[in-house]
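One structure is given here, and the rest of the page talks about it.
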Amino acid sequence: MLLKLKKVFQNFRFFRSLRVRLLLIIMVVGILPGVLMRYGIMQSYEDRAVALRTNTVQTQLRILANHLITYNYLQDNSSEVIGAELAMLSNLYDGRVLIIGGNFKVVTDTYGISQGKTIISEEVIRSFRGESLSNYDRTHGYIEMTTPITETITIMTDNGEVEETVVRGVMLTSISTDSIISTMDSLNQRAMILEALMIVVIISIAIVLSDILTRPFARVTQAINEVKAGHSDDSISVPDYMETVHIGDAFNQLLGRMKVLDDSRQEFVANVSHELKTPLASMKVLADSLLAQPEAPVEMYQEFMGDITVEIDRENQIITDLLALVKMDKKVAGLNITAVNMNELTELVLKRLRPIARKKDVELVFESIRPVTAEVDEVKMTLIISNLVENAVKYNKEHGSVTVVLDADHQMFSLKVSDTGIGIPADSLEHIYERFYRVDKSHSKEVGGTGLGLAITRSAVLMHRGSITVQSLEGEGSTFLVKIPLSHIAG
Ligand code: ADP
């Protein structure tokens, strides 16, 4: 039942408004008790009035019953005194009195209809046994009463005189309750007028209250809309309720996050443009100087063209790295997870990098502590290893060495790349994963860095839900440690 009601409520958009709900609650809480109270008061008034009327009439009937015996009315109904009493009674209560004798015959009917007839009803029989009965008929608006007409006689027995009550006849009386009903009607009318006034007041209060109570939420929406429309960049603050404070806080945090994202996007675009322009500017200088010397010797042409080719390669490298990074940022690119033998993969990457290391006279050592098979994306894993080892070679000293250690516990495998190179200054350690960050721009350029390698590496590690940390001492070398779960955690 409640669920059904809830469904009906939810189907009406109207009822989904907090304001409408508050309005309804205030109205119900305000109006219902009044209506119930009126109903209850009217009901108890009716019960009391009927009981009082029944009591009064029954007392008078008992007095009348005594008179009936005194005047021996059941045998001789000619007494004028009784006749007057009966007339008064039926006039006073707008009722009818039937006096029934011992043989169930009607001695007197104040309406004069049933005189001489025999009445044997359940109530009459019970009354002949001495019971006084009354019954209120609400629909027809009368109270019916049966009262025994009793006489107390003295009987002589062996034990002496004994008093005994004998039922000589029964009085069947019905009195109208019209006067009670009309009093109730007028009372009810007045109560209803008061109630209508009360309803008007409560509805007005409900409208005003529900408006005041829901206003802070409208203010929250307005503040958010202003930010959305771009009129304001400020954080919103609606401190009226705890709830609005929470909404405001959550929104402000979201706003903060968006600002950070926007700032980093702008910075990224600025960096990309700058990085892409640098090789172009070099090429332009080289080409311009050749154009300015039409007589330039072939050797100079060759040398400058060689330089231009280097710049083109660099531009190409930057674009390739950028594409790799963008792909990594796009979560949809997803991971192509397979079970990969990490020992073989590391071996393969190192084999590919050996010629570069040899050129710099750097020794490449691989220590495989145990066989490791992990659920990873092979391409991205290759990228991670080669970026780290490439850096370790690039930023190494002559005759230096790079050691790669592959190990695993029951949950993670670790790849440690240590070098005996130039190291990273402590204040640069927290920046090296930023895009385009390079500790020493001139040296980096010399060795062919774009500043994107570690950003790509870190993204790839995080996609595998792993971690990357670094320890470094300037002039002594660096150690990068990558830890990745052996089994892939989806989602
Ligand atoms: P790059 O393409 O310049 O190598 P990375 O993102 O790979 O860019 O690295 C960022 C910077 O961190 C590098 O320019 C370098 O200054 C520093 N760096 C990275 N790896 C090492 C290392 N093994 N030893 C010393 N410095 C390093």
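The values are calculated or read from the model by the stated rules, or taken from the named source; none is laboratory data. Predicted, not measured: the structure shown is a model, and the values here were computed from it. Note: ideal-geometry Cβ built from the backbone for every residue, glycine included; neighbour counts use all protein chains shown. The accessibility values were calculated without ligands, DNA or RNA, using every heavy atom of the protein model including side chains. Shrake-Rupley method; radii C 1.70, N 1.55, O 1.52, S 1.80 Å.
Quick notes on this one:
- Most to least accessible of Val166, Val376 (protein chains only, probe 1.4 Å): Val166, Val376
- Helix axis angle, 80-92 relative to the chain longest principal axis, alpha carbon, degrees: 20
- Computed E for Arg257/Glu303 - FRET, C-beta separation, R0 56 angstrom, nearest 0.05: 0.65
- The length gained on full extension between Glu80 and Tyr39, counted as 0.36 nm times the residue separation minus their Cα-Cα distance, comes to 10.1 nm.
- R0 of 30 Å, Cβ-Cβ distance Gln471-Val269: FRET efficiency to nearest 0.05: 0.35
- Neighbour net charge for Val340 - beta-carbon separation under 10 angstrom, K R +1, D E -1: -4
- Estimated 222 nm signal from helices in the chain, with DSSP H stretches of n ≥ 4 weighted -39500 (n - 2.57), rounded to 500: -19500 deg cm²/dmol
- C-alpha long axis of helix 453-463 to longest principal axis of the chain, angle in °: 30
- The Cα center of region 415-489 and the Cα center of region 14-54 differ in position by 76 Å.
- When Ile468, Ile318, Ile203 are compared by accessible area of protein heavy atoms, the largest-first order is Ile203, Ile468, Ile318, using a 1.4 Å probe.
- Counting only DSSP beta bridges with both residues in the chain, the antiparallel share comes to about 90 percent.
- Nearest 10 degrees, 0 to 90: helix 178-229 Cα axis against the chain principal axis: 10
- A simple spin-label model places the labels of Val245 and Ala292 6.8 nm from each other, with each point 7 Å out along Cα-to-Cβ.
- Largest-first ordering by accessible area, 1.4 Å probe, given options Met184, Met145: Met184, Met145
- Within straight-line cross-link reach of Lys228, lysines at Cα separation under 30 Å, skipping those fewer than 8 residues along the same chain: Lys259, Lys327, Lys330, Lys331
- Straight-line cross-link partners of Lys416 among the aspartates and glutamates, defined as a Cα under 13 Å from its Cα and at least 8 positions apart when in the same chain: Glu367, Asp407.
- Mean-position separation - Cα centroids, region 311-327 and region 200-214, in angstrom: 65
- Distant-in-sequence amide contacts of Val376, defined by a placed amide H-H separation under 5 Å and a gap of 5 or more residues or a different chain, comprise Thr338, Val340.
- Database remark: amide H of Gly400 closer than 5 angstrom to the amide H of Glu363 (H placed geometrically; neighbours at sequence offset of 5 or more, or on other chains; Pro and chain starts carry no H).
- Estimated distance in nm for a label pair at Ile125 and His231, the labels positioned 7 Å out from Cα along Cα-to-Cβ: 8.9
- Extension gain, Leu32-Ser487: 0.36 nm per intervening residue step, less the Cα-Cα distance, totals 157.4 nm.
- Placed amide H near Arg168: partners under 5 Å, 5+ positions off or other chain: Ile149, Thr150, Glu151
- Here the Karplus curve 6.51 cos²θ - 1.76 cosθ + 1.60, taken at θ = phi - 60°, turns the phi angles of region 32-45 into couplings of 4, x, x, 5, 4, 5, 4, 4, x, 5, 4, 4, 6, 4 Hz, with x standing for Gly and Pro.
- Full-extension gain in nm, Ala218 to Val162, via 0.36 nm per residue minus C-alpha separation: 11.0 nm
- Between region 342-361 and region 260-274, the Cα center-to-center distance that results, in Å: 34
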